[in-house]
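Student: My questions will all concern the structure given below.
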Amino acid sequence: MTPELELPKRIMITGGAGFLGSHLCDRLIQQGHEILCVDNFFTGSKRNIEHLMDHPRFELMRHDVTFPLYVEVDEIYNLACPASPVHYQFDPVQTTKTSVHGAINMLGLAKRTRAKIFQASTSEVYGDPEEHPQKESYWGKVNPIGIRSCYDEGKRCAETLFFDYHRQHQVEIKVARIFNTYGPRMHPNDGRVVSNFIVQALQGQSITLYGDGEQTRSFCYCDDLIEGFIRLMNTPSQVTGPLNLGNPHEFTIRQLAELVIELTGSQSDLIFKPLPQDDPKQRRPDITLAQTHLDWTPSVQLREGLEKTIRYFDQLLRDLKTVQG
Ligand code: NAD
Ligand code: UDP
Ligand code: UDP
């Protein structure tokens with residue numbers, strides 16, 4: 001069935017006011033569905049969804065997923081969780097609670113309503129990987145007691161809960177392991193590398209490379225990722241994941257810095273800062289499974305995606321300047 005012919009569904013998106021969640025709200029509204037956006041606004045922002053507030057098929061609920069929630073829905077996308085190290089390390093206990101208690105509550109809801117449920121898992125389940133590129137069959141190398149553990153182990157435990165609710169209670173699950181994603185509506189102060197570099201370049205500040213800048217990441221543009229989410233949700237019930245979603249094109253952090261400087265025309269210099277603890281040295285998804293099951297492959301190249309993201313941050317910084325007078 002093509003998405004255009006689908007009957008409208010009532011879809012809940014937890015973390016719907018965040019970076020990825022707000023893009024997902026947009027796409028599902030465009031497809032004719034009714035959206036219940038659930039968010040506690042820890043890192044999300046009303047600005048991300050303000051254009052949807054008056055839409056007749058959009059509803060916003062301020063709620064923390066670590067507490068039970070009783071609503072009637074057909075599908076759940078569970079995205080609630082701070083994603084950047086700066087934010088998830090701000091209150092690490094709450095981060096683990098959000099992943100674990102949040103998963104239990106949303107899975108309990110899915111079990112009661114027989115809703116299909118999607119989990120926004122992460123490449124961080126692979127930790128600092130010894131296998132490269134990372135396939136879904138790799139079990140990962142994660143420090144259980146480090147400063148990233150609240151996020152990594154929280155997400156790993158959430159995957160365990162998803163698969164146990166599936167085996168024990170026949171809940172229909174879709175687990176995506178998301179690799180670094182960027183685009184408009186990223187939080188300007190969340191410390192992630194793409195937003196940091198763009199904001200620094202636009203403001204003529206030094207670009208902060210952690211370590212020697214030779215560590216690698218693979219950056220996926222948000223529109224490509226959201227397409228992957230929706231395709232995964234619409235797969236037959238036997239497709240549970242986990243499935244890697246990301247762009248397999250790998251760059252060093254230094255290459256990213258140089259590209260941002262070129263595209264912004266900035267005079268910023270590069271400065272070096274200490275590498276944070278447990279920072280993975282390399283990361284690139286093997287997306288063979290997603291290509292096979294979803295017929296999906298990212299189409300936006302880094303240069304094109306960065307140009308769009310730079311335009312967004314340029315406007316945002318101008319708006320903030322106007323507000324601050
Ligand atoms: P984000 O911080 O912009 O969005 C997270 C949203 O969840 C925010 O709106 C926040 O307010 C909300 N939230 C946090 N705790 C909550 C709670 N207890 N109850 C209700 N809402 C809560 O981050 P994002 O980049 O949009 O990430 C969305 C999801 O995708 C997260 O689960 C993240 O772990 C996952 N993910 C993102 C990336 C990436 O590169 N962006 C990579 C891997 C995984
Ligand atoms: N839950 C919820 N909404 C629902 C159903 C359940 O928030 O519609 C929560 C409920 O608080 C429970 C958790 O999900 O603690 C797990 O539900 P489950 O039915 O698996 O567990 P039980 O209620 O048997 O402890
Ligand atoms: N990084 C950097 N400078 C910054 C922010 C991040 O060099 O200002 C590095 C960071 O150490 C990591 C990579 O960029 O190696 C990606 O960091 P990010 O926080 O975006 O994502 P994650 O580490 O979760 O993949």
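The values are calculated or read from the model by the stated rules, or taken from the named source; none is laboratory data. Note that this is a predicted model, so its numbers are computed, not measured. Positions of Cβ are backbone-derived with ideal geometry, glycine not excepted, and every protein chain shown enters the neighbour counts.
Student: Between residues in the stretch 193-217 that are in contact (Cβ under 8 Å) with a residue 60 or more places away in the chain and within 22 Å of Gln277 (Cβ to Cβ) and residues that are buried (at least 21 other Cβ atoms within 10 Å of the Cβ) and basic (Lys, Arg), which pairs lie under 6 Å by C-beta distance while being six or more apart or on different chains?
Tutor: Matching pairs, first to second residue: Arg217/Arg283.
Student: Continuing with this model, one more query. Taking the conditions exactly as written (within 12 Å of ligand 1 (Cβ to nearest atom), over 16 Å from Ala290 (Cα atoms), within 15 Å of the chain's Cα centre (by Cα) and assigned to a loop (DSSP other than H, G, I, E, B)), does Asp152 satisfy them or not?
Tutor: Numbers: within 12 Å of ligand 1 (Cβ to nearest atom): yes; over 16 Å from Ala290 (Cα atoms): yes; within 15 Å of the chain's Cα centre (by Cα): yes; assigned to a loop (DSSP other than H, G, I, E, B): no.
Here the answer is no, as Asp152 does not meet what is asked.
Student: Another question about this same structure. Tell me, yes or no, whether the stretch 81-97 has at least one residue that is over 16 Å from the mean Cα position of the chain (by Cα), within 16 Å of ligand 2 (Cβ to nearest atom) and not aliphatic (A, V, I, L, M). Step through it out loud before you land on a result.
Tutor: Restricting attention to the stretch 81-97, the residues satisfying the condition of being over 16 Å from the mean Cα position of the chain (by Cα) are 89-94, 96-97.
Next, from what is left, pick out any that are within 16 Å of ligand 2 (Cβ to nearest atom): 97.
Next, from what is left, pick out any that are not aliphatic (A, V, I, L, M): 97.
Checking the stretch 81-97: at least one residue is over 16 Å from the mean Cα position of the chain (by Cα), within 16 Å of ligand 2 (Cβ to nearest atom) and not aliphatic (A, V, I, L, M).
Student: Among the residues of the stretch 41-55, are any more than 22 Å from Met186 (Cβ to Cβ) and either buried (at least 19 other Cβ atoms within 10 Å of the Cβ) or of a type outside the set (Ser, Thr, Tyr) (or both)?
Tutor: Let us first name the residues in the stretch 41-55 that are more than 22 Å from Met186 (Cβ to Cβ), namely 54-55.
Among the residues that remain, those that are also either buried (at least 19 other Cβ atoms within 10 Å of the Cβ) or of a type outside the set (Ser, Thr, Tyr) (or both) are: 54-55.
There is at least one residue in the stretch 41-55 that is more than 22 Å from Met186 (Cβ to Cβ) and either buried (at least 19 other Cβ atoms within 10 Å of the Cβ) or of a type outside the set (Ser, Thr, Tyr) (or both).
Student: Can you pull out every residue in the stretch 205-225 that is part of a helix (DSSP H, G or I) and surrounded by 21 or more Cβ atoms within 10 Å (Cβ to Cβ)? Even if it seems obvious, please write down each step before you answer.
Tutor: Going through the stretch 205-225, the residues part of a helix (DSSP H, G or I) turn out to be 222-225.
Answer for the stretch 205-225, where residues must be part of a helix (DSSP H, G or I) and surrounded by 21 or more Cβ atoms within 10 Å (Cβ to Cβ): Cys222, Leu225.
Student: Looking at the stretch 78-103, which of its residues are more than 10 Å from ligand 1 (Cβ to nearest atom) and touching a helix residue (DSSP H, G or I) at 6+ places or on another chain (Cβ under 6 Å)?
Tutor: Step one: of the stretch 78-103, the residues more than 10 Å from ligand 1 (Cβ to nearest atom) are 85-86, 89-90, 92-93, 96, 100, 103.
Correct list: Pro92, Thr96, Val100, Ala103.
Student: If you check every pair at least six apart or on different chains, which have Cβ atoms under 9 Å apart with a residue in the stretch 266-290 that is among the aromatic types (Phe, Trp, Tyr) first and a residue that is in a loop (DSSP other than H, G, I, E, B) second?
Tutor: Correct list of pairs: Phe272/Gly211; Phe272/Asp212; Phe272/Gly213.
Student: Still on this structure, I have one more. When you go through Val86, Val93, Val100 one by one, which is the residue that is modelled with pLDDT under 95 and either surrounded by fewer than 21 Cβ atoms within 10 Å (Cβ to Cβ) or at positive phi (or both)? Break it down into steps so the answer makes sense when it comes.
Tutor: Numbers: Val93 fails: modelled with pLDDT under 95; Val100 fails: modelled with pLDDT under 95.
Result: Val86 is the single residue among Val86, Val93, Val100 that is modelled with pLDDT under 95 and either surrounded by fewer than 21 Cβ atoms within 10 Å (Cβ to Cβ) or at positive phi (or both).
Student: Output yes when any residue across the stretch 120-130 is at pLDDT below 95 and more than 16 Å from ligand 3 (Cβ to nearest atom), and no when none is. Explain how you work it out, then say what you get.
Tutor: Quick first cut of the stretch 120-130, residues at pLDDT below 95 only: 127-130.
If we keep only those that are more than 16 Å from ligand 3 (Cβ to nearest atom) as well, we get 130.
Scanning the stretch 120-130 turns up at least one residue that is at pLDDT below 95 and more than 16 Å from ligand 3 (Cβ to nearest atom).
Student: Does the stretch 108-115 contain at least one residue that is in contact with a Pro (Cβ under 8 Å, 6 or more places away or on another chain), more than 16 Å from ligand 3 (Cβ to nearest atom), touching a residue at least 12 places away in the same chain (Cβ under 8 Å) and among the small types (Gly, Ala, Ser)?
Tutor: yes
Student: Something else now. Based on what the data block shows, is Leu69 in contact with a Phe, Trp or Tyr (Cβ under 6 Å, 6 or more places away or on another chain), among the aliphatic types (A, V, I, L, M), more than 16 Å from ligand 3 (Cβ to nearest atom) and under 13 Å from Thr14 (Cβ atoms)? Steps first, please.
Tutor: Details: in contact with a Phe, Trp or Tyr (Cβ under 6 Å, 6 or more places away or on another chain): no; among the aliphatic types (A, V, I, L, M): yes; more than 16 Å from ligand 3 (Cβ to nearest atom): yes; under 13 Å from Thr14 (Cβ atoms): yes.
Considered against the rule, which asks whether it is in contact with a Phe, Trp or Tyr (Cβ under 6 Å, 6 or more places away or on another chain), among the aliphatic types (A, V, I, L, M), more than 16 Å from ligand 3 (Cβ to nearest atom) and under 13 Å from Thr14 (Cβ atoms), Leu69 comes out as no.
Student: Would you mind stating whether Thr309 is among the polar types (S, T, N, Q), surrounded by 15 or more Cβ atoms within 10 Å (Cβ to Cβ), out of contact with any strand residue (DSSP E or B) (no Cβ under 8 Å at 6 or more places or on another chain) and on the phi < 0 side of the Ramachandran plot? Working first, answer last.
Tutor: Working: among the polar types (S, T, N, Q): yes; surrounded by 15 or more Cβ atoms within 10 Å (Cβ to Cβ): yes; out of contact with any strand residue (DSSP E or B) (no Cβ under 8 Å at 6 or more places or on another chain): no; on the phi < 0 side of the Ramachandran plot: yes.
Criteria not met by Thr309.
Student: In the stretch 169-202, what residues are in a loop (DSSP other than H, G, I, E, B) and either within 12 Å of ligand 3 (Cβ to nearest atom) or modelled with pLDDT under 95 (or both)? Walk me through how you get there before you give the answer.
Tutor: Here is the first cut: in the stretch 169-202, the residues in a loop (DSSP other than H, G, I, E, B) are 170-172, 179-180, 183-192.
If the condition is that a residue be in a loop (DSSP other than H, G, I, E, B) and either within 12 Å of ligand 3 (Cβ to nearest atom) or modelled with pLDDT under 95 (or both), then Phe179, Asn180, Met186, His187, Pro188, Asn189, Asp190, Gly191, Arg192 are the ones that fit.
Student: Being within 16 Å of ligand 2 (Cβ to nearest atom), modelled with pLDDT of 95 or more and closer than 18 Å to Phe118 by Cα is true for just one of Glu34, Glu72. Which residue is that? So that I can check it myself, show each step before the final result.
Tutor: Working: Glu34 fails: within 16 Å of ligand 2 (Cβ to nearest atom).
One residue alone meets the criteria, Glu72.
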